[in-house]
Amino acid sequence: LLSIGALADDNDKILKDSFEFSRDVTVANTLVKKGRYVVKFNAQTSMVSIIDDKANVVVTARATMKMNAQNFDKDEILFNESGDKVVLTGLRLGGQKEEITLS
């Protein structure tokens with residue numbers, strides 16, 4: 001799984017991150033097919049949205065953002081595997097201290 005780029009909008013308290021899944025993942029019991037997406041995390045609502053290349057919201061889920069002491073070296077997509085099911089659990093933003101954890 002590969003993650004690319006990040007952008008924060010301080011006015012809206014929204015963090016955006018573009019990424020590409022190399023395989024299908026599950027988010028909040030919704031299957032997200034492999035491909036390129038944008039993740040938007042809204043700090044005011046504690047919700048993350050995954051948006052496809054046609055600007056359609058594929059899924060929304062509860063999430064939290066944690067600030068770490070040091071910047072992450074690279075973008076990382078965190079997940080758990082159980083059999084054939086891959087569940088997205090979080091995103092680490094390379095070059096930044098933010099980590100988004102999905103509930």
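The values are calculated or read from the model by the stated rules, or taken from the named source; none is laboratory data. Just so it is clear, the model here is predicted, and its values are computed rather than measured. Because the Cβ atoms are built from the backbone with ideal geometry, glycine has one as well, and the counts that use them run over all protein chains shown. Please note that ligands, DNA and RNA were not included when accessible areas were found on the heavy atoms of the full protein model with its side chains. Shrake-Rupley method; radii C 1.70, N 1.55, O 1.52, S 1.80 Å.
Applying the condition of being touching a residue at least 12 places away in the same chain (Cβ under 8 Å) and not hydrophobic (A, V, I, L, M, F, W, C) to segment 17-32 and asking which residue is surrounded by the most Cβ atoms within 10 Å (Cβ to Cβ) yields Asp17. Taking residues in segment 45-70 that are touching a residue at least 40 places away in the same chain (Cβ under 8 Å), and partners anywhere that are basic (Lys, Arg), the pairs with Cβ atoms closer than 8 Å and at least 6 places apart or on different chains are Val48/Lys40; Val48/Arg62. Would you confirm, using the coordinates I've provided, whether Lys40 is in contact with a strand residue (DSSP E or B) (Cβ under 6 Å, 6 or more places away or on another chain) and in a loop (DSSP other than H, G, I, E, B)? So Lys40 fails the test. Checking each residue in segment 56-75 for being part of a loop (DSSP other than H, G, I, E, B) and either of a type in the set (Ser, Thr, Tyr) or at pLDDT below 95 (or both) picks out Asn68, Ala69, Gln70, Asn71, Asp73, Lys74, Asp75. Scanning segment 54-78 for residues that are of a type in the set (A, V, I, L, M, F, W, C) and open to solvent by 70 Å² or more (accessible area, probe 1.4 Å) yields a total of 5.
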